[in-house]
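Structure record follows, encoded as structure tokens.
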């Protein structure tokens, strides 16, 4: 096991640290401080990155700045079977996010589009990988995610005249009368590409009307007002009416496939994704917008996202929950071991997996240890059999390494990212079928060759009728006797 030093990102939408020692500041800042990073109280701390992506690579503690990616290139066996499926490097990027103001209206490209965008504009799209992702709430968490159902969108277009004026009467009527992906795409594209003066006029009228309302505002209306405070007169404010407004409680999760529009609004969360930093933006951002690409690439599926609660893997692991989205690259485990007054802390045995894992300590103290014997060539100062766990600590666990988590008296909370288990289960089946096919091919070849030679011999020696009779007898073996009756 390797101890890692992981970078933080100070994006403008992040939260500042809580200098008073309370619970309202940036979780990212608190984790970084726990890992020994000096914290600037005036900076926002937005993301903690744990992985091998070149935009924010983890380094191995004790190896003079060597990145985890460099270490893995010298120790490919640490990737296990994941190397066969995903190539070099860890296939997932593990993060913690502290969101104070809304992130951009955005999507992530699928694999084919990512390759195209990276080839055309590598300065904007930094890699050629897709980016499915999952967000797990650590606190109350808000997000916009995917398109609302048809009825909700029709209600917005009929009850929010300011929205309808920007979308346009033709596109709005088409959505109302013909609920298809094509009409949704036309309406959303009309909104997102509308001229800024029309958008600004509509938002000014909308906010003035909402602020004058005497009835209680809806959750979506209140959100629109908040977004306009953060990004005044931005088209992303109006786009909220097209998207599902999702609120999660701690421990709940949503997952996002490629080409799904979304924006995280506020909260603290654990996030995991395929190793990529590709983002297509179109609103609520001062950064580059690629609106035509976003509008063209979206799937335009409608309906609320599935919410995951986490499932217990087995009764033998009582303190573990698994969050397994339908993506090959990753799944996430939450392990929360309670404290105890016993001399020895409570333990959770973690099953070894055929792929690599990254462990983050969110709260408490404890230790992780493995009973696997060290390799003869291992650097005992860096490749550890036991690691002390404290808030902010990050540990890389090589493939096929069973380990035990033990909490101290106060207990501990640990999050573990790993390759989705389904890859190895399905992969083994696939590999076995391939192996069996490859093994059986020579037998099929020789059998077919033998039959061909027998047929050629029978034809050359005028023994074809005899061969036919023998084959008929052979084919009839095991059948009940057949009685042929001549018709009268």
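Read-outs throughout are calculated quantities, based only on the coordinates presented, and are distinct from any laboratory measurement. This one's a predicted model, so the numbers in the text were calculated from it and none came from an experiment. FYI the Cβ positions are ideal-geometry reconstructions off the backbone, even for glycines, and counts take in every protein chain you see.
Quick check on the stretch 151-197: take the gyration tensor over C-alpha atoms, sort the square-rooted eigenvalues as a ≥ b ≥ c, and tell me if it's rounded (a/c under 1.5), prolate or oblate.
Numbers: a/c = 2.11, a/b = 1.26, b/c = 1.68.
Oblate, because a/c is 1.5 or more while a/b does not exceed b/c.
From Cα pairs below 8 angstrom and at least 6 apart in sequence, can you work out the relative contact order of the stretch 224-297, rounded to a whole percent?
On the way: 37 pairs, mean separation 22.4, N = 74.
Relative contact order comes out at 30 percent.
Along the Cα→Cβ direction, 7 angstrom out, place labels at residue 352 and residue 229. What is the inter-label distance in nm?
About 5.4 nm, to one decimal.
Sorted by average packing, counted as other Cβ atoms within 10 angstrom per residue and highest first, what order do 26-38, 94-106, 349-361, 170-182 take? Walk me through the numbers on the way to the answer.
Values: 26-38: 20.2, 94-106: 24.8, 349-361: 22.1, 170-182: 14.8.
Sorting 26-38, 94-106, 349-361, 170-182 by mean packing, highest first, produces 94-106, 349-361, 26-38, 170-182.
What does the highest-first list of 304-314, 147-157 look like by mean Cβ count within 10 Å?
Order by mean packing, descending: 147-157, 304-314.
Round to the nearest 0.05 the FRET efficiency obtained for residue 249 and residue 218 when R0 = 22 Å and r is the Cβ-Cβ distance.
On the way: r = 20 Å, r/R0 = 0.92.
In this case the efficiency is close to 0.65.
Using a 7 Å offset from Cα along Cα-Cβ at residue 111, what residues in the stretch 67-102 end up with backbone N under 13 Å from the label point?
Those under the cut-off are 85-87.
Would you work out if the stretch 256-385 is rounded, prolate or oblate? Take a ≥ b ≥ c from the square roots of the eigenvalues of the alpha-carbon gyration tensor; rounded if a/c is under 1.5, else prolate when a/b is larger than b/c, oblate otherwise. Mind showing how you got there, number by number?
Values: a/c = 2.49, a/b = 1.93, b/c = 1.29.
It comes out prolate by the Cα gyration axes.
Taking only C-alpha pairs under 8 Å that are 6+ residues apart, what is the relative contact order of the stretch 182-306 in percent?
On the way: 85 pairs, mean separation 40.3, N = 125.
Once divided by the residue count of the stretch 182-306, the mean separation gives 32 percent.
How big is the C-alpha Rg of the stretch 186-252 next to the rule-of-thumb value 2.2 N^0.38 Å, as a ratio?
On the way: Rg = 13.2 Å, N = 67, 2.2 N^0.38 = 10.9 Å.
For the stretch 186-252, the normalised Cα radius of gyration comes out at 1.21.
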